[in-house]
Amino acid sequence: MNIRSKLAIGITIPTVMLSAPFRQAWPVLVWLLSALPLIWMLFLKRWRMAGIYILVMFLSHIERIPALEPLSLHLPWPILLFLTILQLCTPGIAVGILILQTTSISEYINGLSRMRIPAGITLATSVIFRFFPTIRAENIGIKRALRMRRLTGLKALHHPLKFFNYRLTPLLLSTSGIGDELSMASLCRGLSTERKRTSYESDNLRFYDWIIIVLSGLLILLWLVTLLVAPRK
Amino acid sequence: MKKSISAAIEENEPILLIDNLSFTYEEPIMDLADWYDEEVATSHTLTATRGMAPAELFDEELPKSQTSTAENEMTLKDISFSVEAGELILITGESGCGKTTLLQIINGIIPEFSNGRIEGDVLFRGESIIGIPVDRRGTLIGSVFQNPRSQFFNVLVKDELRFGCENLNLPVDVIEKRVSMLVKEFQMESYLERNLFHLSGGEKQKVACLSVAAMQPPIMLYDEPSSNLDAAGMRSLAQLMQVFKLAGVTQLVAEHRLSYVSGLVDRVIVMKDGKIEENFSGDRLRSLSVEQLRQMGLRSSRAVQPPATDHPLVIRSPIEQKNRTGTQDIDPEDLYIESLEMTYSKAAQPLLRIKDYCFKGNRIHALVAGNGVGKSTLLRSIAGLEKRAKGYVHYRGQRYKLKQMSRFCSVVFQDVNRQLLTDSVYNELLLSLEESDMSLKEKDELIILLAKRLELDHFLDAHPFSLSGGQKQRLAFATTLLMNQPILILDEPTSGLDLKHMVIMAEILAEYAKNHLVLLATHDQELLRMLGAEIHELINE
């Protein structure tokens, strides 16, 4: 899939799914769109991820299942609120993760530069692809160091601010240090906002890319129309 | 007067000429002395739970309490030398001598990333390159950095190898040709589709070198490229350098581990305090004895053989071992591991399986193994910091679960950036004494004493993250010493240290091991020789 069609999905799904008038007016479409990340996962053979997605979607819809009504009626409101948020956000988050996992940094930079998006924005956002695993690794390391320095448990509760500082300072400084070194290494290898880059991926949108982009456009149009005609309270 | 590049080549101009180069950092350094006094006087009203730190460790007299200002600015002074095409130049000297600054001015990171005043010039084939921005200099000068972790931009190896060439907007077929040539030459075929986050330090460094080499720059710079490499990794790096040398690439290597590169060196530049102290041929380097090198503050230029060990102990992992000693023979101070096992969630085979193993108390034990065998994991498991590790430890007459061991251990991690938690070197050291029952004055004295011994006393007010790699390692080491735990664990503690500081660390460790158990993992054969440690080899079968 071309990065442009991926981005079209990535923008469309969260936009329309988070819109209350759209969800009320087109419940069937909402179901179809919720299933889309699942189809994508199955297509990529990410079985574990698909399983988790099904489980999360099932749990978040628990209040809507008539058979489970005796249970869901007794759920306290914060949990119901949480489930609703989960219901709305899960498809968008899943699509985001899938885009991150299936796109290489070069593909992303080249795709965006072809969409005439300023190179500064493209390069800055491209680092996200590299940074999630970095932050995770740093966080684990800092947790170990805190434990070694006996800064856990009761001590953390007694001095929450100080503890927060111990936790966050090295994380921020260490990741920003990695960021600095990363940009040094990238600039030394000629990464530039001014020069064009070689593109490995074909520029041409394939047939199914066009279908995805057109459908995404139609959905956004439908969403806008729904917003306009929806009765105002 | 500037000449055209072709004219310069005809005149047999050196490929690189460093002409009277000086550099001064111009970032304002905060004077924190007043703040420091206030902080020491008011901070930390602490309760005591543990014994005093061993003041007798530090054989120097107590200095007067001092409030130093941060003096970590680095200056280069009148650096001049020329480099002929195809030469391999070794730039060496104590950490903080200006090696890295010099390379950063040559490749353009300074002034892009640091403010400062550059005087003098850097000429590439007779033409000044000081004004050329860093991203354009990449075609002339390729750079390999110290930390393999932070110099790859992509996730997959194949993307990383293409990355530099893509930035130069080369045609796809040219990139493919260059990459496949390198991949073939260095047998990287099986790596192409692998995730860089899952490679060992040595493998990452190899990818970093090849990614730069694919851009075919006439000059390559390396900034302490061996810091995170084991012996095999260093050999592989030296092999890369040899191939590049044969291909006519000019190479500048800033390094304090000399052994792996000494056979290839054409000329050596020894720096001290930002100046060139000596400039001699590679042949002379190879002829100098270890003692002569030491007098110059340099490490050995020959491959140091691992010290012979009369302890036939071998930890074989994940092969199970028979009970060698039996728990009844062990001394209370011995660390006796019982059925340690650690498995990654997705792997079927355990990464580590050690059944009954004993580390004798009040000694230094060194774990040696290649990159990626599991030394760090084993150390973390023993320190009770590896959640997935299961097993027991017998220590001081009790049987503990592994995770309970964290109460006895202090650890210098391989990446010390993650263990520096506070806003100044002084506070970092003070934090380690939080549970001590010493008075504030005693703590202050002890901190200053230790800081002086480890040559950190000029940086007490500096932020830990403003220190150099070697200084950070010394600071992390100091914090663990001050915790005064019965078991001290160190994971590659000397990767960023020069000879002088390695000797200091070895002396302190030898002293500390008289009444503590010290367990370290290292690739550093010189350190092992100095320590006279018991060697335990971790083998992956």
Note to self: Spelling out what I want: for every residue of the stretch A:51-62, take phi, set θ = phi - 60°, compute 6.51 cos²θ - 1.76 cosθ + 1.60 (Karplus), and round to whole Hz; glycine and proline get x.
What the structure shows: x, 5, 4, 4, 4, 5, 5, 4, 4, 6, 9, 4
Margin query: Taking 22 Å as R0, compute the FRET efficiency from the Cβ-Cβ separation of B:D331 and B:R407 and round it to 0.05.
Written below: 0.65
Next item on the list: Would you calculate the separation in nanometres between label points at A:K45 and A:E69, each defined as 7 Å from the Cα along the Cα-to-beta-carbon direction?
Entry: 4.5 nm
Item checked: 5 angstrom amide H check on B:N279, placed H, neighbours 5+ away -> B:V270
Next item on the list: Could you line up B:I132, A:I109, A:I211 from fewest to most neighbouring Cβ atoms inside 10 Å?
Entry: A:I211, B:I132, A:I109
Check: Separation of the stretch B:193-262 and the stretch B:514-541 by C-alpha centroid, Å?
Finding: 26 Å
Check: If you look at just the Cα atoms of the stretch B:82-295, how large are its Rg and its Dmax in Å?
Finding: 17.1, 53
Check: What order, most packed first, do the peptides A:131-138, B:99-106 have when packing is the mean number of other Cβ atoms within 10 Å of each residue?
Finding: B:99-106, A:131-138
Note to self: Cut-off under 25 Å on the C-alpha distance; same-chain residues fewer than 8 positions from A:K196 excluded. Which lysines are left, in chain and number order?
What the structure shows: A:K6, B:K158, B:K177
Checklist line | Peptide-level mean, for A:168-180, of C-beta atoms on other protein chains within 10 Å | finding: 4
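Could you work out how much longer the chain between B:F280 and B:S190 gets when fully extended? Use 0.36 nm per residue separation minus the Cα distance between them, nm to one decimal. Mind showing how you got there, number by number?
On the way: separation 90, 0.36 × 90 = 32.40 nm, distance 4.13 nm.
Working it through step by step, the gained length comes to 28.3 nm.
Set the Förster distance to 41 Å, then compute FRET efficiency between A:I62 and A:Y200 from the Cβ-Cβ distance, nearest 0.05. Display every interim value, and only then the final one.
On the way: r = 45 Å, r/R0 = 1.10.
Rounded to the nearest 0.05, the efficiency is 0.35.
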Next item on the list: List the lysines whose Cα lies under 20 Å from the Cα of B:K514, skipping any in the same chain that are fewer than 8 positions away.
Entry: B:K360
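Would you mind checking the pairs A:K155/B:K500; B:K204/B:K355; B:K355/B:K387; B:K375/B:K403 and listing those with alpha carbons more than 28 angstrom apart? The partial results should precede the final answer.
Values: A:K155/B:K500 38 Å; B:K204/B:K355 32 Å; B:K355/B:K387 18 Å; B:K375/B:K403 17 Å.
In this structure, A:K155/B:K500; B:K204/B:K355 exceed 28 Å between Cα atoms.
I need the peptides B:108-114, A:204-210 ranked by packing, meaning the mean over residues of other C-beta atoms within 10 angstrom, with the highest value on top. List each step's numbers first, then the result.
Working: B:108-114: 19.3, A:204-210: 11.6.
Top to bottom by mean Cβ count within 10 Å: B:108-114, A:204-210.
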Checklist line | C-alpha center-to-center spacing [the stretch B:416-435, the stretch B:119-182] in angstrom | finding: 38 Å
Next item on the list: Quick one: which residues, 5 or more positions from B:M220 or on another chain, have an amide H under 5 Å from its amide H? H modelled 1.01 Å from N in the peptide plane, none for Pro or chain starts.
Entry: B:G142, B:T250, B:Q251, B:L252
Note to self: List the lysines whose Cα sits under 19 Å from the Cα of A:K162, skipping any in the same chain fewer than 8 residues away.
What the structure shows: A:K143
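So for each of A:69-79, A:31-41, B:201-211 I average, over its residues, the number of other beta carbons within 10 Å; can you give me the resulting order with the highest mean first?
On the way: A:69-79: 10.3, A:31-41: 16.6, B:201-211: 24.2.
For the peptides A:69-79, A:31-41, B:201-211, the packing ranking is B:201-211, A:31-41, A:69-79.
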Checklist line | Test item: B:417-428 mean partner chain Cβ contacts at 10 Å | finding: 5
Notebook entry, point to check: Given the rule -39500 (n - 2.57) for each run of at least 4 DSSP H residues, summed and divided by the residues of the protein assembly as shown, what is its mean residue ellipticity at 222 nm, to the nearest 500 deg cm²/dmol?
Noted result: -14000 deg cm²/dmol
Notebook entry, point to check: Under the classification rounded if a/c is under 1.5, otherwise prolate if a/b is larger than b/c and oblate if not, where does the protein assembly as shown fall, given a ≥ b ≥ c as square roots of the Cα gyration tensor eigenvalues?
Noted result: oblate
Item checked: Built amide H within the under 5 Å cut-off of B:L351, gap 5+ -> B:M342, B:T343, B:Y344
Next item on the list: Return the percentage of antiparallel bridges among DSSP beta bridges fully within the protein assembly as shown, rounded to the nearest 5 %.
Entry: 50 percent
Next item on the list: In whole Hz, with x marking every Gly and Pro, tabulate ³J(HN,Hα) for the stretch B:501-509 from phi via Karplus 6.51 cos²θ - 1.76 cosθ + 1.60, θ = phi - 60°.
Entry: 6, 5, 5, 4, 5, 4, 4, 5, 4
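If you count, for every residue in B:162-175, the Cβ atoms of partner chains within 10 Å of its Cβ, what is the mean?
On the way: counts 4, 10, 6, 4, 12, 12, 8, 7, 2, 1, 3, 0, 1, 2.
Across B:162-175, the average partner-chain Cβ count within 10 Å equals 5.
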Note to self: Using each residue's phi in the stretch B:531-538, evaluate 6.51 cos²θ - 1.76 cosθ + 1.60 at θ = phi - 60° and report the 3J(HN,Hα) Karplus result to the nearest Hz, with x for Gly and Pro.
What the structure shows: 6, x, 7, 6, 9, 10, 9, 9
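Values quoted throughout were computed directly from the atomic coordinates according to the rules given, and no laboratory measurement underlies them. Note that the structure is a prediction, hence the values are computed from the model and not measured. Quick reminder, even Gly has a Cβ in these numbers, built from the backbone with ideal geometry, and neighbours come from all protein chains shown.
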